[in-house]
Amino acid sequence: MPSPLRLDPVQETLLLTLYARALDSKAPHPILGDTRSAAVADRIAADTGYDFAKLKLKPSLVTSTALRARKLDDVVRRFVAAHPDAVVVDLGCGLDTRWARCSPPEGVDWYDVDYPAVTELRRQYVSDPTHAVAADVTEPGWAETLPGDRPAVIVADGVLPFLPGDSFRATVRRLTAQLPAGELALNGYTRFAAWAMKYHPSIKALGIAAAQGFDDPHEPEHWDAGLTLAEEQLLTRAPEVAAFPQPLRALTRLVARSTALSRQGTRILRYRF
Ligand SMILES: C[S@@+](CC[C@H](N)C(=O)[O-])C[C@H]1O[C@@H](n2cnc3c(N)ncnc32)[C@H](O)[C@@H]1O
């Protein structure tokens, strides 16, 4: 008898991103090509009877999830190549297989942080040699356990909209107080994009309403976290759009002409601290 997954709706969003990467890996022209995500999703479906079809994933969510993961992987890869003694912190890691995709040098210490229920699931399905931190990222305490004397890259993939109020900035403030120097990279939702998420069929299927975002990419520079914007990448303009299926590719290229509209899509923000 399969035993059902016990995750709350916010935790369940990790299955959306996992399945998006799984579907991308099976596409004729994958953007991320993460076949391990497909294997993990297949095992979860077999073990728990989870119906991934209920998530109603559209091609736009599949491509945007795969593309943002690829761009955030690039940030991590570049950082660990330059700092082979680095610390990597994946905030709200879900069941992402980022460690394997980035294949960091041996001297890197990688921290995967998510709720205890998710950490337990990771133990069953993603056995990477990373440090599992079972915590609510918005709670004080856990960040102080990270090494405070090594360069660090913090990655937050698909997490910002689910952290209530100003808890994301408070979390970042605690992290940059603990970590001496490094980078923060995230997919930064605008307020409109975060608000509009609740009308997305996949988010609706999970019954999630609350969402956070910010418009001006310079806003985090005023969070008292020592952040300086290094880069804003608008993914409608990424070369990988050539691999999007039609008519999504044509639509994305149209949107790419407008910076304002492109900002409402997926953007990767990178900060130095
Ligand atoms: C959309 S999923 C993204 C998961 C992963 N980053 C990925 O790309 O597959 C959002 C993740 O954030 C986690 N999350 C949300 N709020 C959190 C919190 N307060 N503390 C820890 N994890 C949190 C959820 O449990 C979930 O795993």
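At-a-glance table
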read-out: Residue among 192, 214 that alone is away from the ligand (no atom under 14 Å from the Cβ), outside any loop (DSSP other than H, G, I, E, B) and surrounded by fewer than 20 Cβ atoms within 10 Å (Cβ to Cβ); value: 192
read-out: Evaluation of residue 230 against (1) away from the ligand (no atom under 16 Å from the Cβ); (2) surrounded by 19 or more Cβ atoms within 10 Å (Cβ to Cβ); (3) on the phi < 0 side of the Ramachandran plot; (4) among the small types (Gly, Ala, Ser) (one fails), failing number; value: (2)
read-out: Residue among 89, 62 that is aliphatic (A, V, I, L, M), away from the ligand (no atom under 11 Å from the Cβ) and touching a strand residue (DSSP E or B) at 6+ places or on another chain (Cβ under 9 Å); value: 89
read-out: Some residue of the stretch 104-111 being buried (at least 16 other Cβ atoms within 10 Å of the Cβ), within 27 Å of residue 38 (Cβ to Cβ) and within 13 Å of the ligand (Cβ to nearest atom); value: yes
read-out: Criterion violated by residue 115 - all others in (1) crowded, with 21+ Cβ neighbours inside 10 Å; (2) within 8 Å of the ligand (Cβ to nearest atom); (3) within 18 Å of residue 168 (Cα to Cα) satisfied; value: (1)
read-out: Contacts under 6 angstrom Cβ, first residue in the stretch 100-122 being at pLDDT 95 or above, partner assigned to a strand (DSSP E or B) and among the charged types (D, E, K, R), 6 or more apart; value: 112/90
read-out: Among the residues listed as 156, 152, the single one being among the aliphatic types (A, V, I, L, M) and either under 24 Å from residue 197 (Cβ atoms) or in contact with a Cys (Cβ under 8 Å, 6 or more places away or on another chain) (or both); value: 156
read-out: Close pairs from the stretch 200-214: first more than 20 Å from residue 169 (Cα to Cα), partner part of a loop (DSSP other than H, G, I, E, B) and at pLDDT 75 or above, Cβ under 8 Å, at least 6 apart; value: 201/56; 201/58; 202/56; 202/57; 202/58; 205/56
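The values are calculated or read from the model by the stated rules, or taken from the named source; none is laboratory data. Keep in mind it's a predicted model, so treat the numbers as computed, not measured. Using ideal geometry, Cβ is built from the backbone for each residue, glycine included, and neighbour counts are taken over all protein chains shown.
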